[in-house]
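All remarks here apply to the structure that follows.
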Amino acid sequence: MSEAQAIELRRPAANFREEAFSSAEELAQGEREALMDRIKSLLKEQNAVLVAHYYTAADLQILADETGGYVSDSLDMARFGKEHPAQTLVVAGVRFMGETAKILTPEKRVLMPELEATCSLDIGCPADEFSAFCDQYPDHTVVVYANTSAAVKARADWVVTSSIAVDVVKHLHERGEKILWGPDKHLGDYIRRETGAEMVLWDGSCIVHEEFKGLELEKLRAEHPDALILVHPESPRAVVEQADVVGSTSKLLQAVQTMDAPAFIVATDNGIFHKMRQAAPDKHLLEAPTAGRSATCSSCAHCPWMAMNGLRNLAHVLETGSNEIFVDPAIAEQALVSLNRMLDFSAARNSVVLGRGDA
Ligand code: SF4
């Protein structure tokens with residue numbers, strides 16, 4: 001690695017593992033069905049649409065699908081919420097997703113089942129510290145992952161999701177720009193290797209993906225030689241390097257549907273298995289190993305904050321109108337600039353692909 005490409009590492013102060021906890025709800029069958037029916041009626045009564053992330057509980061994904069809502073990764077959730085005519089968006093996911101929805105559609109009411117549902121990447125990247133870090137590199141273009149607060153997005157030149165990060169950085173690199181990336185160091189490291197861009201990285205990580213272990217994955221591969229390895233790039237390099245496919249949740253889901261293999265080992269949050277089983281019921285799906293599957297909740301492959309979304313708190317916010325998301329208008333206005341760069345880039349890229357096809 002050249003000196004210019006040296007990775008700048010910074011330690012966030014928060015101890016995520018101690019803060020993380022799981023509150024996945026357990027419901028009797030009768031209560032589950034009653035809540036599902038109640039939520040369906042409330043969504044209709046209130047002209048509301050449910051948008052859920054792939055990592056949320058299967059019941060929420062089922063509800064979104066059955067009520068004309070949407071289940072996807074964060075880029076597509078943002079697009080869908082922006083384009084849907086409903087006056088209320090109910091975002092089942094983590095805090096930054098609700099904030100992003102509000103920034104993109106300030107005229108709509110945005111509700112979330114649980115306001116405490118956050119993300120280790122967001123917690124580990126306080127806006128004031130990140131801004132001071134950016135000030136040290138005034139000649140760098142600031143590109144941040146979507147898993148950040150509105151204030152961090154407002155400090156950035158670009159916001160990207162994992163589905164478009166490599167393409168955006170490649171584009172900037174081809175224009176001769178140097179990149180300051182935050183907050184996920186593993187994703188940043190992957191993008192740097194893919195694009196060859198000169199990048200300095202903030203030292204953040206996802207507590208779920210960081211638990212995947214290269215050595216244990218090697219052993220599991222040896223036990224399942226027919227399986228392909230699917231890896232989200234928030235995982236450590238030792239895991240990414242063993243992947244047959246590296247990409248966003250949507251890309252990994254597509255791989256299960258389209259690739260000709262009987263089995264897949266999946267290194268991302270296990271909430272994705274609901275959609276993968278739906279899409280490819282005949283495929284054998286295995287979770288990539290984490291450090292201690294029988295140890296603490298923070299070493300299993302499920303996000304403790306995504307697990308805070310449930311049927312009870314979803315019904316509650318629809319009944320009470322509580323947990324509405326507000327973003328400071330000045331911050332939102334600035335964050336919208338960097339978010340729109342991503343959405344415009346994505347739209348232009350799709351139209352170029354279609355244009356080629358037509359020609
Ligand atoms: S899975 Fe990781 S990146 Fe996604 S919300 Fe949870 S902590 Fe954040």
Taking the options E116, E107, E99, E83, name whichever one is surrounded by fewer than 21 Cβ atoms within 10 Å (Cβ to Cβ) and within 16 Å of the ligand (Cβ to nearest atom).
E116
Criterion (free of Cβ contacts under 8 Å to residues at least 40 places away in the same chain and under 15 Å from F212 (Cβ atoms)) met by exactly one of Q278, Q257, Q242:
Q242
L89, sole failed condition from (1) surrounded by fewer than 20 Cβ atoms within 10 Å (Cβ to Cβ); (2) within 17 Å of K40 (Cα to Cα):
(1)
How about the range 201-229: which of its residues are crowded, with 21+ Cβ neighbours inside 10 Å, out of contact with any Cys (no Cβ under 9 Å at 6 or more places or on another chain) and assigned to a helix (DSSP H, G or I)?
H209, E210, L217
Before we move on, is A150 touching a residue at least 12 places away in the same chain (Cβ under 8 Å) and closer than 19 Å to A101 by Cα?
yes
Looking at V152, V143 in this structure, which one is within 16 Å of the ligand (Cβ to nearest atom) and either modelled with pLDDT of 95 or more or more than 16 Å from the chain's Cα centre (by Cα) (or both)?
V152
Residues satisfying the stated conditions in the range 65-80, i.e. away from the ligand (no atom under 13 Å from the Cβ), aliphatic (A, V, I, L, M) and either closer than 21 Å to R341 by Cα or not assigned by TED's automatic domain parsing to the domain that holds L314 (or both):
L75, A78
Complete set of residues in the range 148-200 that are within 24 Å of A267 (Cα to Cα), buried (at least 19 other Cβ atoms within 10 Å of the Cβ) and among the charged types (D, E, K, R)
D184, K185, R192
If I ask for residues that are surrounded by 20 or more Cβ atoms within 10 Å (Cβ to Cβ) and more than 24 Å from A307 (Cβ to Cβ), which ones from the range 119-132 would you list?
F130
Residue check: is R17 at pLDDT 80 or above and of a type outside the set (S, T, N, Q)?
no
Just need a number here: residues in the range 133-157 that are more than 19 Å from S205 (Cα to Cα) and among the hydrophobic types (A, V, I, L, M, F, W, C).
1
Within the range 282-295, identify whether any single residue is of a type in the set (G, A, S), within 16 Å of the ligand (Cβ to nearest atom), at pLDDT below 95 and not in a loop (DSSP other than H, G, I, E, B), and answer yes or no.
no
Filter result for S235 (polar (S, T, N, Q), part of a loop (DSSP other than H, G, I, E, B), within 18 Å of the chain's Cα centre (by Cα) and surrounded by 15 or more Cβ atoms within 10 Å (Cβ to Cβ)):
yes
Keeping to the range 40-60, report how many residues are of a type in the set (V, I, T) and more than 16 Å from the ligand (Cβ to nearest atom).
1
If you take the residues in the range 261-281 that are among the charged types (D, E, K, R) and in a helix (DSSP H, G or I), which one is surrounded by the most Cβ atoms within 10 Å (Cβ to Cβ)?
K275
Would you pick out the residues in the range 120-136 that are within 12 Å of the ligand (Cβ to nearest atom) and farther than 19 Å from W158 by Cβ?
S120, I123, G124
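The values are calculated or read from the model by the stated rules, or taken from the named source; none is laboratory data. None of these values were measured; they are calculated from a predicted model. Note that each Cβ is placed from the backbone with ideal geometry, even for glycine, and that neighbours are counted across all protein chains shown.
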